[in-house]
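Taken together, the values in this text are just the output of simple stated rules run on the coordinates, not laboratory data. The structure presented is a predicted model; accordingly, all values stated were derived computationally and were not measured. Here the Cβ positions follow ideal geometry from the backbone for every residue, glycine too, while neighbour counts run over all protein chains shown.
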Amino acid sequence: QAAKDSKRFTVPDFASQRCNFLGKVFESQPAFAWLKCEEGIVDCERFLREKKKIITKSGKYFGDDRSYVRISMLDRDSIFNIF
């Protein structure tokens, strides 16, 4: 939600999926989120590391450009409160 309220970052939306084991529909809760830096930020990994002290993995390692990063969703709450 924090990234959605910002014009500096965008995140993809994932559709809810049916769990075959429980037979219920759940929202996606991935361990990693893909974040795209907007507003002219070319190297998102560098921006987040230098400005916010957040360690991410650049999209260049996953076949995408440097405006994307993969960020762990399994981090401390203090990291998420930065946004």
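The table for this structure:
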read-out: Cα→Cβ-extended label distance, 7 Å offset, between Arg49 and Phe21, nm; value: 3.6 nm
read-out: Estimated inter-spin distance, Glu38 and Ser78, nm [label 7 Å along Cα→Cβ]; value: 3.0 nm
